[in-house]
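The values are calculated or read from the model by the stated rules, or taken from the named source; none is laboratory data. Small disclaimer: the values here were computed from a predicted structure and weren't measured. Methodologically, a virtual Cβ is constructed for each residue, glycine included, from the backbone with ideal geometry; neighbour enumeration extends over all protein chains shown.
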Amino acid sequence: MGIASGTGSMQFLTYTLGSEVFALDIAKVREVLDYPNVTRVPNMPEFMLGVINLRGSVVPVVDLRSKFRMERNEKTVNTCVIIAEVNVGSDTTIVGALADSVQEVMDLEPHQIEPAPKIGTKLHTDFIKGMGKRDDRFIIILDIDRVFSTDEIAQVSELGEELSSAPRTIAAA
């Protein structure tokens, strides 16, 4: 599945995790928040930081560094949460993704996007839509719908539903 098969430029929100630049299709991004107060939830997967209250809705926040087995980083003034829509099957879940910093909204032409690398059978790169090229750098374009397994998204989605239906004092904590 290549994204470079269309015509015309595509827009991506670029952000960093460590020294790497990643991108999400801008159509999947709802907003970017300064790092909010995150409430830890017991028994969640390691990559799940907790939940935030986003205008009355409980939104799970995930640490993409942890998900990608990258070294953890201290929060800085640039640390933020990208609120994105994740589709699994016919369900849409709103997820916050922790990023070290947001860079810019970038247009990429089809000729600037290479197919995702094939690294072998043991390493899964299905979640990489492609590799954008700008100047001398590569930008890893993620397919946010494929970063998490169906089970992981179900767990995150169920958590949001449970906490949203909890008494107001618990959900707002």
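Yes/no per residue for (1) of a type outside the set (A, V, I, L, M, F, W, C); (2) not in a loop (DSSP other than H, G, I, E, B):
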| residue | (1), (2) |
| --- | --- |
| Pro42 | yes, no |
| Pro45 | yes, no |
| Val58 | no, yes |
| Arg65 | yes, yes |
| Thr92 | yes, yes |
| Ala97 | no, yes |
| Asp107 | yes, yes |
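Taking Val81, is it of a type in the set (A, V, I, L, M, F, W, C) and either loosely packed, with under 13 Cβ neighbours inside 10 Å or not in a strand (DSSP E or B) (or both)? Spelling it out, it is not the case that Val81 is of a type in the set (A, V, I, L, M, F, W, C) and either loosely packed, with under 13 Cβ neighbours inside 10 Å or not in a strand (DSSP E or B) (or both).
Considering every residue within segment 126-135, establish whether at least one is at pLDDT 90 or above and surrounded by fewer than 16 Cβ atoms within 10 Å (Cβ to Cβ). Yes, because at least one residue in segment 126-135 is at pLDDT 90 or above and surrounded by fewer than 16 Cβ atoms within 10 Å (Cβ to Cβ). Each residue in segment 29-40 was checked for being polar (S, T, N, Q) and either under 16 Å from the mean Cα position of the chain (by Cα) or outside any strand (DSSP E or B) (or both), and 1 pass. Here Glu31, Glu74 are screened, and the one residue that is more than 19 Å from Arg146 (Cβ to Cβ), in contact (Cβ under 8 Å) with a residue 12 or more places away in the chain, acidic (Asp, Glu) and exposed (fewer than 13 other Cβ atoms within 10 Å of the Cβ) is Glu31. Exactly one residue out of Thr14, Thr39 is among the hydroxyl-bearing types (Ser, Thr, Tyr) and crowded, with 18+ Cβ neighbours inside 10 Å, and it is Thr14. Which residue is farthest from Glu104 (Cα to Cα), if the candidates are limited to segment 59-71 and must be hydrophobic (A, V, I, L, M, F, W, C) and crowded, with 19+ Cβ neighbours inside 10 Å? Across segment 59-71, the extreme among qualifying residues is Val59. Looking only at segment 16-28, residues that are assigned to a loop (DSSP other than H, G, I, E, B) and without any contact (Cβ under 8 Å) to a residue 40 or more places away in the chain come to 1 in all.
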